[in-house]
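In what follows, a single structure is set out as structure tokens and then discussed.
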Amino acid sequence: MIRARLMTVLALVAGGLAACSSASPATPTNTVSIGSAGVHLGTPAVVVAATDQNTFNPVTVTVTAGEIVEWRDDGSVAHNIIFADDSSIGDPVIDGGGGSWQVKFTTPGTYQYACTIHTGMLGTVVVTSG
Ligand SMILES: [Cu+2]
């Protein structure tokens, strides 16, 4: 009985490790629709504030594949959004005073991004399969 339980635990651990090692790094290439500044794709599932304190708030957001994330800058400092795995899809500038930008994420994964204007201004979008 004890041995059977131990085997179950080991199997769960092994399964967890296998799931981790098989996950390839998420790359945004060809997985998103990009709205240029001021052009909206639709109603966002979540809005991330780019703040005058040089933070993204919330730092990490989770959406379901197909949903839209909007970045919005209601402060006075301009920011940008550059994705770690593909800088070509980023937005060069989101102006303060209500500037915004949207991305529709269509592929599950973890997408890390940064504002390259401000060192350490980082954020993550987690896209689940729903
Ligand atoms: Cu910034």
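Quick one: the Cα spread of the stretch 43-86 along its three principal axes, in angstroms, biggest first?
31, 24, 15
Given a Förster distance of 35 Å, report the FRET efficiency between Thr64 and Val93 from their Cβ-Cβ distance, rounded to the nearest 0.05.
FRET efficiency, Thr64 to Val93: 0.75.
Would you calculate the volume per residue, in Å³, of the smallest convex hull containing every Cα atom of the stretch 68-130?
81
Read-outs throughout are calculated quantities, based only on the coordinates presented, and are distinct from any laboratory measurement. Since this is a predicted model, take the numbers as computed values, not measurements. Note that we place each Cβ from the backbone using ideal geometry, even for glycine, and neighbour counts take in every protein chain shown.
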